[in-house]
Amino acid sequence: MKALVEILRTTAFGCRKTSISYGERAGNALCLAAAAFLFAGSAWGAKSQAPKPPLSAPTSAAACVGCHGEAGVSANSLWPNLAGQKRDYLAKQLKAFRDQDRVDPMMNAIAQSLSDSDIEALTAYYSSLKP
Ligand code: HEC
């Protein structure tokens with residue numbers, strides 16, 4: 001906010017100077033248009049650089065945190081990280097565990113209880129996390 005006030009103050013000063021050379025009205029109009037343009041540009045820039053808000057964990061993720069970690073980063077070298085992994089890949093693995101096409105006693109048991117919509121929510125969530 002302080003920076004914004006500073007920009008407006010300096011722009012207004014610039015406007016007064018410009019109006020001397022271009023005539024009061026034309027100078028002011030030109031200056032305000034330029035200031036509005038700059039301001040809109042900086043607001044747009046700030047918005048496009050803001051990080052996306054993280055997805056909140058689906059309730060089904062409560063069954064995963066014990067092994068894959070609170071934020072999808074596991075504390076055990078035999079348990080894979082899920083954070084930031086590709087969404088379609090995660091979904092394919094979960095379905096493979098559920099169908100017993102991929103064999104791991106823990107994951108086979110856990111995946112049994114996951115519906116397709118659970119898998120959709122879980123994979124959207126884990127793929128959105130920072131690895
Ligand atoms: C008891 C521990 C445990 C729990 C709880 C658990 N997992 Fe796993 N998970 C594992 C292990 C171990 C592997 C690695 C299996 C292997 O070596 O093939 C794995 C693998 C995976 C993979 C494959 C990752 C890859 O890179 O191929 C996915 C996806 C996954 N788990 C998702 C989940 C989800 C979603 C949940 C919660 C619904 C969950 N897991 C709960 C232990 C667990």
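Could you list, ordered by first residue, the pairs with Cβ atoms under 6 Å in which the first is in segment 100-113 and in the same structural domain as ALA63 (by TED's automatic domain parsing) and closer than 19 Å to VAL65 by Cβ and the second is more than 8 Å from the ligand (Cβ to nearest atom) and hydrophobic (A, V, I, L, M, F, W, C), at least 6 apart or interchain?
The qualifying pairs do not exist here.
Would you tally the residues in segment 61-94 being more than 9 Å from the ligand (Cβ to nearest atom) and in contact with a Gly (Cβ under 7 Å, 6 or more places away or on another chain)?
Of the residues in segment 61-94, 2 are more than 9 Å from the ligand (Cβ to nearest atom) and in contact with a Gly (Cβ under 7 Å, 6 or more places away or on another chain).
Go through the residues of segment 54-65 one by one and say whether even a single one is of a type in the set (Ser, Thr, Tyr), without any contact (Cβ under 8 Å) to a residue 12 or more places away in the chain and surrounded by 11 or more Cβ atoms within 10 Å (Cβ to Cβ).
No; the residues of segment 54-65 include none that is of a type in the set (Ser, Thr, Tyr), without any contact (Cβ under 8 Å) to a residue 12 or more places away in the chain and surrounded by 11 or more Cβ atoms within 10 Å (Cβ to Cβ).
Looking at GLY66, GLY84 in this structure, which one is modelled with pLDDT of 95 or more and in a loop (DSSP other than H, G, I, E, B)?
GLY84
Determine whether SER128 is within 28 Å of the chain's Cα centre (by Cα), in contact (Cβ under 8 Å) with a residue 60 or more places away in the chain and more than 10 Å from the ligand (Cβ to nearest atom).
In short, yes.
Would segment 95-116 turn up any residue that is within 9 Å of the ligand (Cβ to nearest atom), among the charged types (D, E, K, R), part of a helix (DSSP H, G or I) and farther than 20 Å from THR59 by Cβ?
Checking segment 95-116: not a single residue is within 9 Å of the ligand (Cβ to nearest atom), among the charged types (D, E, K, R), part of a helix (DSSP H, G or I) and farther than 20 Å from THR59 by Cβ.
Being of a type outside the set (A, V, I, L, M, F, W, C) and over 15 Å from SER60 (Cβ atoms) is the filter here, so list the residues in segment 72-92 that pass it.
Passing the criteria: SER74, ASN76, SER77, PRO80, ASN81, GLY84, GLN85, LYS86, ARG87, ASP88, TYR89, LYS92.
Might you let me know whether segment 29-36 holds any residue that is at pLDDT below 60, assigned to a helix (DSSP H, G or I) and under 24 Å from the mean Cα position of the chain (by Cα)?
The answer is no, given that none of the residues of segment 29-36 is at pLDDT below 60, assigned to a helix (DSSP H, G or I) and under 24 Å from the mean Cα position of the chain (by Cα).
The values are calculated or read from the model by the stated rules, or taken from the named source; none is laboratory data. Computed from a predicted structure; not experimentally measured. Because the Cβ atoms are built from the backbone with ideal geometry, glycine has one as well, and the counts that use them run over all protein chains shown.
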